[in-house]
Every structure is written in structure tokens, then in C-alpha cells.
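Student: Below you'll find the structure I mean.
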Amino acid sequence: MVFKCHKNKCKIASFDVVIFTVATLLCFSHSALSDPRISEVGLHCGTHRASPSGSYVPIFTKEMEKLQELVSKNNWGTHSEELSSTTPIYGLAQCFQDLSNLDCLQCFAASRTKLPRCLPSVSGHIYLDGCFLRYDNYSFYTEESDPLRDTVNCTTQYGAVAGEAERLVFGKSVGKVVENVVRVAVNEGRGFAVGEGEGVYALAQCWKSVGEKGCGDCLKKAENEVKGCLPKKEGRALNSGCYLRFSTVKFFNQGGEHGDGDDSSRKRAIITAVSVLAAIVVVLSILVSCVAFTKKRKKNNFIEIPSYLRNSSLNYKYETLEKATDYFSTPRKIGQGGAGSVFKGTLPNGKDVAVKRLVFNNRQWVDDFFNEVNLISGINHKNLVKLLGCSIEGPESLIVYEYLPNKSLDHFIFEKDKTRILKWKQRFEIILGIAEGLAYLHGGSEIRIIHRDIKSSNVLLDENLNPKIADFGLARCFGADKTHLSTGIAGTLGYMAPEYLIQGQLTDKADVYSFGVLVLETASGRKNNVFREDSGSLLQTVWKLYQSNRLAEAVDPCLEDDFPEREASRVFQIGLLCTQASASLRPSMAQVACMLSNSNLDVPIPKQPPFLNSRLLSQTAPLGFSIDNSSSNTFQKIGVSYSPSQSSSSCSLIRPSKSEETILEA
């Protein structure tokens, strides 16, 4: 299914930078702080939005400032602001009672910096492991539970208890400790308790605004909820009126309820830094959100999300993917790209998936997201990563792919401490698979697609090391009646074809060039954009060895001469053929797949590739090329009959008649 839609709100990409800055300032101001527990474990944003007039900016900012004053004095507080009867705002902030005052300020700073992701929604709340922050358009202070918003977070960070007997013992231990902290928190009227026993630790915290009865009702509900996490070793209940957590790792602090006695000047410095940075985040968030909200109303700028997409299997709920990735926890992170991070997720049915979390800071990145979903939702090939769905209505946009356990190709060929060295046969099969996948993109599907960013980190490997091309954010459709596209330059230096890099003219031969570089890297175990004084770039090295008929010397030394020399030389020659300076001289990907799968086919003699100046790849000087056209080798036009689904014996190269032979100059 191919669909087109646009995201209905934008997100500032600088939140992580601001959080890092706040944390850095706090660390410098106090080097002996205990753990403020600023890990995000839950975020919920309401569906109702403020008017894009901009009137919500000052009221939200003022509310956060007032809450900060209360937290600074008491470690918690409630406050309300009302600009008019139609735009009231009620806020609550509370730190857990085991945090010192300075730790509380750090936790509040982190939550205040992250919560604006919900704007322009008129409601939102965020749970960190040390504090809670909420704003809404009604008085929610005595609300102990909300069936629509209360969640349970059963993390897998510490695994699960194995064995039936061990699980039974562990369940009893968890039950005993959790019941104890709930009882103490309720009966002693403090709304807070920590406890431990038999290797289990627990913390119960009610918001001070819910009252004694509300606290008891909330924690009893939370107690039943976290027990449902067993046999996992950690679980949290995130309710409207309370928080309950158990773990096999001690996570709470001893004492700290009455502050740590640090001087007030340090606290003032922290408050000032937090105020300035948070104000910047809020203003930027509102501005971008309001612009997006206003543009969405213009039909010529934004397309409403089709009803069939909302109800289709492609559409995942944001909350489902949040839970699947343990709220995008660091242990779940499996990759990082220019447009965002990739996390391993486990869906409620137990299926593992890869969740790409995209960060948008301009309209182009929004377009890239929908471009990627539109393109790969309509294609299916064994060497292309499979799209499972996306989420487009949460605070961030997410794309869901099939999960491939072996990560990307670059981990196998470039890492210095290689724990698993790819054998030559495996490398050859990977190269062939990539070629077949690209041949399918260029002509085997209903639409021609140019990937534009073929490189080792965008080739994922499944459990059998079968390659799958991923990351279609930069891909472009290519009409059958067009010879090229004129487009903005996008891609990765070292893999970009010269005619595309210099003139912006995009054809499928740009992918061929990138593939050629990837072939040389995979076979040699060396990066193309790393220069050596003795030999220059990888292209230069392989070309020199080709001229002296010593291509086998370019093979990755990790293979220790365990490879067929003739086949290896042939692969390098194909790589050189794909990286020729002239796009006209490069073969099509269908031709490449044929040459790789049929060893009886002759490989044409390549011309010298373009030698990129090393300063180009370091991005410190203008673009420049040095191309040697002294070679007068003839490359014949080759007609190809090829289907990726066919066996190699069905590949055939059809040579033209003598009169059709053409000599093409670079």
C-alpha cells in the first residue's frame, strides 16, 4: 500500500542538546551530587491543542516558572494560571522524597526541558525516575487514576528470572517488598516509602495533592499492576496519582528528604541556568508548533491523514512503540543515523522489530520521512528491508521495520577488533545480494527508485548474513520517460558520483557508483574515505593494483589468503567498472548482477575512476576532482536480460553489432 500524508506537528531537534547543557552546568556546580534519576520512563501528550495565536506561550512559561519556585523551596508544588476562561492551565511538579533538594532541581530541570515536546497540546505529563511534572486545562490535583493514561512499564533491561522454582521464589519476594512499601506509604500518612528484602528493592510515592485515601487507592492499583511484570526483574506503575517501582538493582537514595545543606548561591545558579534554557526550548517549540499548526489548515500545504491509514495495520500507536522499546532506553539503541536513532522493540505479541525514531528540525526532514514510508511500503524484495508500519501522531514520528539481529555491514568489515570475520564466500554473497536489490529498485518494481545513499551502514544483515538495503529517506522516484533528475545534493561523501556531486544530475548510475565503492570496501575491509600517505584513497590503491595485475593483494588481510584469487580479482574489477568517472561507462545494476552471478561472462575493461581530493572528504576545502582520460579502452554497449528472481543461468549479455559499438570518453 502506498500512501501520502504529512505529519501534523513539528519537533525541535535541540532538546537533547539543551538537556546535555543543563546537566553539564549542574555537574560543574556540584560535583558530589547523588543520583537525581533523570531517565525518562513515560510521556503522555493530550490530543486537544491550544490556539495558534501565541497566547499560550506566556501562560505556559509563567506556570513552569511558578512550579520551579515551589520545587526549589519544597521539592513539590501545585499552581494554576488563567489567561482567560478558555485557556486555564493547572500544573503539578513533585520530586520523590528520597531526592535531595539539589537532585530534585536537576530532575525538575530535565522534566521541564522534555515536557514541551507535547506543545501545542493543552495537556501533558512526564515521568522521570526521580520526579513527575504535569500540566492540564482542568484541576486534576486529587485525581488518583486515569484508565486512559495510567501505564505499566515492565522493562527488560535486567532480564527475567528463569526457571519455574526460581520464578515462584522471586514472585513471593517481590510481593512481600511491594506490599510492605505500599502499607508504610499509606498507613504512616507520608505517601512515600522505600524498602528492600531478598535482593528486591521497591519505592512507592504518591503525589501530595491526592490525599490519604487517594494515595491508598492509587498504590493498591499500582501494586497489582507491577506484579503483572513478573518474572521480569523490574517494573513500574505510572499512575495519575502515584508511582511504584521494584527492581533487583538498588535505585533509590538513602535520606535526602530535607535537603543536603548546600549553599543558596549554588541553587540560584542552577535555577537561573534552567530558567534561561527552558525558556528557549519553550519558545522554539511553540513557534515551530504554531507554524506547523497554521500550515496544516492550508489544504495546499498539508494533506489530511487518510482514514484508511488510521485504521490500517501500517499505523502503530505511539504508546505501543514507546513501551516496546522501554521508552527508547539506551540499552535498546542499536543504531544511529543522520535523521535519528534506531531501537530494538518487542511488540506485545513478542515479535522483535526495529523502530526508527526520527528527529525533525525542518520541513525537508518531514518530507524525507513520508518519502521513505511512501516508497518502501510499496516494494517487496528479499534484499530490501521490510517496512512494517509507522507512527505519525505522537510527539515524534516513528518507522517500524523488520528486526535484523546482525546490525549493519560496516560492523563486520571496519571494526578493528573484529569478533566475527566475514569469509570470502559470505562477502561475495553479500555483494551479490546488494546488487540484486539495487537492480530491483532500478527496474524490477512498478516504480524506478534511486536510493542515493548506498553505503555499508545502510546495508543490514539478517541471522543468515543475507543483506537488506535500508534507509530510504533520501530515495527518489524516477520516471520511465526521464533521463535524469536535477535535485539538491544529498548523500555521503566518498560514495557520491562525481556528476551528481558537481552538477546535481541524478540517475541510477549514481547508485552504481556508490555500489562500486561499497564493493571495494567489502572486499578489502578498508574505508574509501580514509586516506593513506603511502597509497592515497581506496580507489587509487585498487586502480594501481589493477594496472599491475595484482588485484588479489587488495583483499582484506584478515582473510589470510583464504579466497579464490580469480574470483576476488573479478569482483574488484567490477567495482572499478562501477566507479568510472563517466556515468555512461558504468554498467547498469542489472548488468552488474549478471556479471557477479555468471562467472563465464566477460567483465569489460574499466577506465580510471575519479580521484577525489582528500580535502574534499574532510570537508575543509572546495570540491575537486582529478580525472585521467588517457586510457582509450573501449566499453561496448551491453543489452541485458535479467530477473533477480531467476537463476544465474538465465542472465544473458547481448552484445551489439559492430556498427553499434561506441567509444565513450570520460
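Where a number appears in this text, it was derived from the coordinates with a stated rule and is not lab data. This one's a predicted model, so the numbers in the text were calculated from it and none came from an experiment. Methodologically, a virtual Cβ is constructed for each residue, glycine included, from the backbone with ideal geometry; neighbour enumeration extends over all protein chains shown.
Student: Among W207, Q157, S173, which residue has its Cα positioned farthest towards the positive end of the charge dipole of region 153-247, with +1 placed on the Cβ of Lys and Arg, -1 on the Cβ of Asp and Glu, and the dipole taken about the Cα centre?
Tutor: Farthest towards the positive end: W207.
Student: Starting from the Cα gyration tensor of region 153-247, take the square roots of the eigenvalues, sort them a ≥ b ≥ c, and report rounded, prolate or oblate (rounded when a/c is under 1.5, otherwise prolate if a/b is larger than b/c, else oblate).
Tutor: Since a/c reaches 1.5 and a/b is larger than b/c, the shape of region 153-247 is classed as prolate.
Student: Using label points projected 7 Å from each Cα along Cα→Cβ, tell me how many nm separate N349 and E198, to one decimal.
Tutor: It is 3.7 nm.
Student: With a Förster radius of 22 Å, plug the Cβ-Cβ distance of R550 and I502 into 1/(1 + (r/R0)^6) and report the FRET value to the nearest 0.05.
Tutor: 0.10
Student: Quick check: residue separation of S599 and Q157 times 0.36 nm, minus the Cα distance between them. What number comes out in nm?
Tutor: 154.3 nm
Student: Still on this model: From the square roots a ≥ b ≥ c of the eigenvalues of the alpha-carbon gyration tensor of region 522-601, which class results: rounded (a/c under 1.5), prolate (a/b over b/c), or oblate?
Tutor: Taking the square roots of the gyration eigenvalues as a ≥ b ≥ c, region 522-601 is oblate.
Student: Can you give the extra length, in nm with one decimal, that the chain gains between E65 and N466 once fully stretched, where that is 0.36 nm per residue apart less the Cα-Cα distance?
Tutor: Full-extension gain reported as 138.9 nm.
Student: Given a Förster radius of 56 Å and the C-beta distance between T142 and K407 as r, what FRET efficiency does 1/(1 + (r/R0)^6) yield to the nearest 0.05?
Tutor: Efficiency at R0 = 56 Å is approximately 0.70.
Student: Still on this structure, I have one more. About the Cα centre, and with charges only on the beta carbon of Lys, Arg (+1) and Asp, Glu (-1), how big is the dipole of region 153-247? Nearest 20 debye, please.
Tutor: Charge dipole of region 153-247: 180 debye, to the nearest 20.
Student: Rounded, prolate or oblate for region 390-473? Axes are the square roots of the Cα gyration tensor eigenvalues, ordered a ≥ b ≥ c, and the cut-off for rounded is a/c under 1.5.
Tutor: Oblate.
Student: Mean separation of Cα pairs under 8 Å and 6+ residues apart, divided by the residue count of region 153-247: what relative contact order is that in percent?
Tutor: With pairs under 8 Å counted, the relative contact order is 34 percent.
Student: For an R0 of 51 angstrom, estimate the FRET efficiency from the Cβ-Cβ distance between N224 and N380 and round to the nearest 0.05.
Tutor: My answer for the efficiency is 0.70.
Student: Where does each of 556-564, 36-44 land if you order them by average Cβ count within 10 Å, highest first?
Tutor: In descending order of packing, they fall as 36-44, 556-564.
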